[in-house]
1. Using a Gaussian network model on the chain with a 10 Å cutoff between Cα atoms, which of 176, 124, 24 fluctuates the most?
2. Viscosity 1.306 mPa s, temperature 10 °C: give me the Stokes-Einstein translational D for segment 44-139 in µm²/s, with Rh taken as the Kirkwood radius over C-alpha pairs.
3. Most fluctuating residue of 100, 160, 59 in a GNM of the chain with Cα springs under 10 Å: which is it?
4. Name the most mobile residue of 169, 112, 73, meaning the one with the largest mean-square fluctuation, in a Gaussian network model of the chain with Cα contacts below 10 Å.
5. Sorted from fewest to most neighbouring beta carbons within 10 Å, what does the list 171, 193 look like?
6. How high is the relative contact order of the chain? Use alpha-carbon pairs under 8 Å, at least six apart in sequence, and give a whole percent.
7. If each residue's Cβ is checked for other Cβ atoms within 10 Å, how do 30, 63, 116 rank with the fewest at the top?
8. Give me the tail of P(r) for the chain as a percent: Cα-Cα pairs with distance above 20 Å.
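Values in this text are rule-based calculations from the coordinates and carry no lab data. In this text the structure is predicted, and so the values were computed from the model without any measurement. Quick reminder, even Gly has a Cβ in these numbers, built from the backbone with ideal geometry, and neighbours come from all protein chains shown.
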Ligand code: PCA
């Protein structure tokens, strides 16, 4: 089994993005699965093409895209992506789309094809705070999740796909002036390994 994991570059004034830092710490093989790691830009325009290229090159059996959700106190396993770009802050290319679709003419929403409940339960069972989230927002992470699920559905690809949000790392939180929730990067990496385990045992 081949699993593609994507994380993002830093954005919003941060010097790291815990999504990619956590992915980098994953081994190249988890159980019987080969793990491919790719960093995506925080850009409405180029994140979709970068993800599509990664899927085409790697031809994975499953894709787990990961992003930072600053302020979350646990790992959010996303259930839904909506066909909407509505940003309140510019992306890393200075673009702030409002009320625009991710893909013109696409369906309003897609559900993750990852086993979101099983993944959430596995994390909680191992003492990692986690929950099912019913909105990946309307920023670049939702853009990537929607693009992934549209790619899989429109090309009828035999790929399971979805998105996971991680909180700020402890290092990020330590540098903030106000108190924000955070999680150790090792726990995020462990959480991703557990999600991969769930996929392996389902296949
Ligand atoms: N988080 C942002 C975009 C990149 C990231 O890591 C989001 O939640 O949309």
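1. Maximum among the listed residues: 176.
2. For the chosen part, D equals 105 µm²/s.
3. Looking only at 100, 160, 59, the largest GNM fluctuation is found for 100.
4. 73
5. The most exposed by this proxy come first: 171, 193.
6. It rounds to 29 percent for the chain.
7. Lowest count first: 30, 116, 63.
8. Tail of the P(r) past 20 Å holds 52 percent of the pairs.
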